[in-house]
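Trainee: Quick one: this structure, given as structure tokens, is what I'll be asking you about.
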Amino acid sequence: WRRRIMDFPQRVNSWALYAHPWFQETYDALVAEVETLKGKDPENYQRKAATKLLAVVHKVIEEHITVNPSSPAFRHGKSLGS
């Protein structure tokens, strides 16, 4: 995990990203947890579950969602009134 906190709205791959308040709250708590882990154990914090989860969240946002947000993988069928 590299220190790269996402402040929303943010532009990634030319897309403007906005975060739901619940996501932002959870994301901020996860970032704070990883920073605490890094402060306590700078050599091994990257092995912790919270650090790995934060890295995956960043990867999904930067490499999957923003590459093609209209991908069928992100469609919810008729649940959103489509």
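Trainee: F23 to E43: FRET efficiency via 1/(1 + (r/R0)^6), r the Cβ-Cβ distance, R0 30 Å, to the nearest 0.05?
Mentor: 0.50
Trainee: Just to confirm the number: angle between the C-alpha axis of helix 21-40 and the first principal axis of the chain, 0 to 90 degrees, nearest 10?
Mentor: 20 degrees
Trainee: Here is a further query. Once Lys and Arg get +1 and Asp and Glu get -1 on their Cβ, which of F23, P72, G39 lies farthest toward the positive end of the dipole of the chain?
Mentor: Working it through, the farthest residue towards the positive pole turns out to be P72.
Trainee: To the nearest 20 Debye, how big is the dipole of the chain about its Cα centre, given +1 on the beta carbon of each Lys and Arg and -1 on that of each Asp and Glu?
Mentor: 240 debye
Trainee: Separation between the D7 and L30 pseudo-spin-labels, each 7 Å from Cα along Cα→Cβ, expressed in nm?
Mentor: 2.0 nm
Trainee: Report which label in (i) 50, 13, 11; (ii) 28, 13, 13; (iii) 47, 19, 15 holds the value of semi-axes √(5λ) of the Cα gyration tensor in Å derived from the coordinates of this structure.
Mentor: Here semi-axes √(5λ) of the Cα gyration tensor in Å agrees with entry (ii).
FYI, it's all coordinate maths here, none of it is from the lab. Keep in mind that this is a model prediction, so the values were computed, not measured. FYI the Cβ positions are ideal-geometry reconstructions off the backbone, even for glycines, and counts take in every protein chain you see.
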